[in-house]
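The values are calculated or read from the model by the stated rules, or taken from the named source; none is laboratory data. This structure is a prediction, so every number in the text was calculated from the model and none was measured. A quick note on method: Cβ atoms are made from the backbone with ideal geometry, for glycine too, and the neighbour counts reach across all protein chains shown. Protein only, heavy atoms only, side chains kept; ligands, DNA and RNA dropped before computing areas. Shrake-Rupley method; radii C 1.70, N 1.55, O 1.52, S 1.80 Å.
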Amino acid sequence: MTLLKEPDFGTPARPGEATVALTVDGVAVTVPPGTSVMRAAKEAGVDVPKLCATDNLEAFGSCRLCVVEIDGVKGTPASCTTPVRDGMNVRTQNERLGKLRRGVMELYISDHPLDCLTCSANGDCELQDMAGVTGLREVRYGSGVEAGANHMDLPTDTSNPYFDFEASKCIACSRCVRACDEVQGTLALTIEGRGFDSKVAAGAGVPFFESDCVSCGACVQACPTATLQEKSVVELGMPTRTVLTTCAYCGVGCSFKAELRGDELVRMVPYKNGGANEGHSCVKGRFAFGYASHPDRVLEPMVRDTIADEWRTVSWDEAITFTARRLREIQATHGQGSIGAITSSRTTNEEVYAVQKMVRAVFGNNNVDTCARVCHSPTGYGLKQTFGESAGTQDFRSVDESDVILVIGSNPTDAHPVFGSRMKQRIRQGAKLIVIDPRRIDLVRTPHVEAAHHLELRPGTNVAIINALAHVVVTEGLVDRDFVARRCEDFETWEAFIAQPEHSPEAVADICGVPAEEIRAAARLYATGGDAAIYYGLGVTEHSQGSTMVMGMANLAMATGNIGRAGVGVNPMRGQNNVQGSCDMGSFPHELPGYRHVSNEDVRDIYEKLWGTPILDEPGLRIPNMFDAAIDGSFKALFVQGEDIAQSDPNTQHVFAALGALELLVVQDLFVNETAKFAHVLLPGTSFLEKDGTFTNAERRINRVRPIMAPRTGKQEWEIICEIAQAMGYPMHYDSTAQIMDEIALTTPTFMGVSFAKLDELGSIQWPCNVEHPAGTPIMHADEFTRGKGRFMETMYVPTSERSTRKFPLILTTGRILSQYNVGAQTRRTANVAWHAEDVLEIHPHDAEVRGVTDGDLVALSSRVGRTELRARISDRIPVGVCYTTFHHPVSGANVVTTDNSDWATNCPEYKVTAVQVDLIPASVVADAVPEPVVAGGNR
Amino acid sequence: MSGGVPPYVRLANEIAAQFAHRPAEDAATVIANHLKLTWDPRMKQALIRYAESGATDLSPAAALAARHLQGAL
């Protein structure tokens, strides 16, 4: 089986109707205006030799291999940079052209090591291919070391953990430089020098690792030779087969070609036809897959009677029997509602569906929740209330048509880098950017991107500022009255509410810390700048008013008519790969699959008939409620699928107390994580490389996850769930994952037309997929909202109860970093730790100075609920009075200090606002440079 | 317990604070409906019992909502 080679048309496609007719080597072809001759030739089935051209980059015209003859045109123009004209007659092959091309190739080869047989790119080298295509048989100038002046003694840069830069093989085609510019948008690479001295350089000639390079790998993919090559290919050799699958990191949901030798994964190559990523990737998706084969993986079930005991490795039968027996015993003793489960946004839709079914049909309650509780549950609530559907409105491609982009509480270049690149490209094309964030994220000012407005608000004041923006829209006559009249309801009540003086920019300026005029200017730009889109993240949802803020953004979008077409909308940037899917699959304790309330008798009836068992009509416990009930004694057993709640959930000591109070904790995961330290049963899980199923990304895109190897544990996770259900006396069985999706489609209207066969046919599908939209729905609410009329909601600003005081004078907010993912369980087990080996505390120079803290000092971070230690990084990216950290490492355990404040509507924790104090730990006290890990039982 | 009151009391008060700008009866209806749709039965029952106990930690709107909730269950 050969590698899946996607056709390369040489230059990007041009939009529009195909109206320009020409002839290439006697073949007639019609293409859109602006198409290159090279691309037209490819459309006609003619491959023009090329080296510097590739179809995800604009034409450059440097290699001179693609020269052609055109009737009426002097000389031999480069086909990549020559646009088509009507009636053009092109010749791509004749003796003259062949001679020219061989001359070019001779020059390239004279300055290239001729070590093809031992070269890491052997068989995958475009220079090698072109030598063959052009019929090169001799090199008059000598070749390799026999040649004259050459670059063959240039050193190889091996500084990057994942790829090498073998400068001696560089042909200076600039594809890598252009990919860094046009695909990634980082501009970390350049061509240094002129003429013969031209060479690729990272930054100002520093090693790759020390440069601005973000290791997205676009340069590696663009390189036509072995110059930029994955270390894994250098080590293992060329892959021999390809499986299309989906990344298991963030909510962008990138499609990848997993390229293997046998069952050994050699590299991940982003798939050009991937609906979400269209051939791009980030450092995590492309390179950080090594965790799947990390020696820490648990591959056999383990059991223990108490958490003080040592683990016993047991058979699957014993583990499943033990789990089922204990669950039933606990229910018999403490009641049907005394057990429950948490589903994972890292697992597939089918695995999540199986767990929620187990809870509802086998446990006989609705005590099922998902980790989306602690990230995007306010999105589900807020968008359902206003639009009628718990999901974002657009596809990613939509941003290409935005004129104004409003980013609130989201850091796309770090947390959703592939979409962040796309957004940056649109801004570079002229779209205006408004950033609302306490922190000066990279997007505020990065090469060729600068925000028109950065509203540097105080943490916790989102609702005040969104109301102020809406106030300006209403009071300055910027409402789209026609849209509102046709499409919405409850506008008048809302208009009267939002027009109140207490919501004016002048009234909230002191609350938010943002000048009123700046708020007014941003509101005017959003309302009048053309098509305006909102993108938001956990900096919106993880507040005590997260749901209010989501509704506030929906109000603003509706009031300005920015819903229902490309370029506009309200878009949640989902953190984990399957947050959308885990919510879609009925993981919330009050909703069955498809966001239908458990009290809905008609919906319950569907499942009761299919599952042959009654479904409880009352909501179950949410995750924080489970913790409270465990401490109170009414909740005794918990099944946790693929989540590390002991690290990820707020107020660590509270979580520890809850987990410690359980009579049975069952953890299904890849590693013995922090939660597993409290577990009685550890059921080894499967990595995404072993999974068979689907993930649903932030744009509602259902992507296939295909197994590239058999489960290393011997079982798929859904099979384990079925076996537990059976051991508990319920006949739950599926023959395949496809059969689970068929059941989802059968019972969930938004998934009505989805099947594995259709996904294989279409590549991916954005739900709703039904009779009206058999190929899916890229943009929601086009003609009417899902609930009919869009509903305006009053969004009162209620400040958080968490306040800074003299004892805790700073506000801590949290976020992510590019190289790590969530609690770091995966990325900490890859070479990504080279970029981020520990969480650090960003603190403003003024706040640092008054505490005697200098960069790199170890500091104590204390809040009302806990204390931890971190290294300080002095940074003016954050305002005075605010500090910031990430939550990727259990050693620092940021959640030791976060409170149990939560969103009023959904209980989503308020991770973004914690009053803290930072104290220097004197050098004399620092016995060890590494902080003590947070462990079960606490470290304070 | 958090801040000396049970979590469900604190949560009910936080929900009530969101609707403090609405007329009392109207707010209580909205709050009660929210609790009915999203809270586990044991939490709802606990809140109702707490409201019946006459404890003063519950905000007036939340207390009124608890009474509405009792009627709706």
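Some notes on this structure:
- Whole-Å semi-axes of region A:534-584's equivalent ellipsoid (Cα gyration tensor): 20, 15, 8
- DSSP finds beta bridges in the protein assembly as shown, and of those with both partners inside it, around 60 percent are antiparallel.
- Over the C-alpha atoms of region A:809-904, the Rg to Rh ratio, Rh being the Kirkwood estimate, stands at 0.97.
- Using 0.36 nm per residue and subtracting the Cα-Cα separation, the extra length available between A:Ala485 and A:Val880 on full extension is 137.8 nm.
- Cβ-Cβ distance of B:Ala20 and A:Ala28, R₀ of 51 Å, FRET efficiency by 1/(1 + (r/R0)^6): the value works out to about 0.10.
- 0 to 90° range, to nearest 10: angle between helix A:316-334 axis and chain A longest Cα axis: 30
- For region A:633-747, the alpha-carbon coordinates run over 40, 36, 30 Å along the three principal axes, in decreasing order.
- Extension gain, A:Asp47 to A:Glu210, is 54.8 nm, computed as 0.36 nm per intervening residue step minus the present C-alpha separation.
- Rounded FRET efficiency, nearest 0.05, which uses the C-beta distance separating A:Ala308 from A:Asp8 and R0 of 56 Å: 0.40
- Taking all Cα-Cα distances within region A:343-385, those exceeding 13 Å account for 60%.
- Ranked from largest to smallest solvent-accessible area, with a 1.4 Å probe on the protein heavy atoms, A:Thr805, A:Thr675, A:Thr158 come out as A:Thr158, A:Thr805, A:Thr675.
- Reachable lysines from A:Lys5, criterion Cα separation under 22 angstrom, eight or more residues apart if same chain: A:Lys42, A:Lys50, A:Lys231, A:Lys257, A:Lys272
- By the rule of a C-alpha distance below 20 Å, with chain neighbours fewer than 8 residues away ignored, the lysines paired with A:Lys357 are A:Lys609, A:Lys636, A:Lys691, A:Lys715.
- 0 to 90° range, to nearest 10: angle between helix A:377-386 axis and chain A longest Cα axis: 90
- Accessible surface for A:Asp47 stands near 100 Å², nearest 10, in the context of the full protein assembly shown (1.4 Å probe).
- For chain A, relative contact order (Cα pairs under 8 Å, six or more residues apart, normalised by length) works out to 12 percent.
- Convex hull volume per residue in cubic angstrom - Cα atoms of region A:619-664: 75
- Accessible area buried by the pairing of B and A, both sides summed with a 1.4 Å probe, works out to roughly 2000 Å².
- Where the Cα pairs of chain B fall when distances are cut into 10 Å bins, in %: 23, 60, 17
- P(r) tail, region A:465-613: Cα-Cα pairs separated by more than 28 Å, 34% of all pairs.
- Inter-label distance for B:Arg67 and A:Glu608, nm, one decimal - labels placed 7 Å from Cα along Cα-to-Cβ: 3.4
- Stretching the chain fully between A:Asp86 and A:Lys807 yields a gain of 252.0 nm (0.36 nm per residue, less the alpha carbon separation).
- List A:Trp835, A:Trp316, ordered by accessible area with a 1.4 Å probe, largest first: A:Trp835, A:Trp316
- Between helix A:417-428 and chain A there is an angle of about 60 degrees, using the helix long axis and the longest principal axis of the Cα atoms.
- Hydrodynamic analysis of chain A uses the Kirkwood radius over alpha carbon pairs. Inserted into Stokes-Einstein at 10 °C and 1.306 mPa s, it gives a translational diffusion coefficient of 54 µm²/s.
- Built amide H within the under 5 Å cut-off of A:Val640, gap 5+: A:Ile342, A:Val666, A:Val667, A:Gln668
- Rounded to two decimals, the Cα-based Rg/Rh of region A:39-90, with Kirkwood Rh, is 0.93.
- With θ taken as phi - 60° and the Karplus curve 6.51 cos²θ - 1.76 cosθ + 1.60 applied, the whole-hertz 3J(HN,Hα) list for region A:559-571 is 4, 9, x, 9, 8, x, 8, 5, x, 10, x, 10, 10 Hz, x standing for glycine and proline.
- Treating each Cα of region A:492-551 as one equal point scatterer and applying the Debye formula with no solvent, the log10 of I(q)/I(0) at q = 0.24, 0.28 Å⁻¹ comes out as -1.32, -1.18.
- Cα-based Kirkwood hydrodynamic radius, region A:725-804, one decimal, Å: 16.3
- Summarised in one figure, the compactness ratio Rg/Rh of region A:48-138, Cα atoms and Kirkwood Rh, is 1.01.
- Globularity index of region A:294-390 is 1.36 (Cα radius of gyration / 2.2 N^0.38 Å, N = number of residues).
- For the residues A:Asp900, A:Asp369, A:Asp783, a 1.4 Å probe over the protein chains yields an accessible-area ranking, largest first, of A:Asp783, A:Asp900, A:Asp369.
- Annotation: lysines with alpha-carbon distance below 29 angstrom to A:Lys789 (same-chain offsets under eight excluded): A:Lys384, B:Lys36.
- Ratio of the Cα radius of gyration of region A:341-497 to 2.2 N^0.38 Å, where N counts its residues: 1.29
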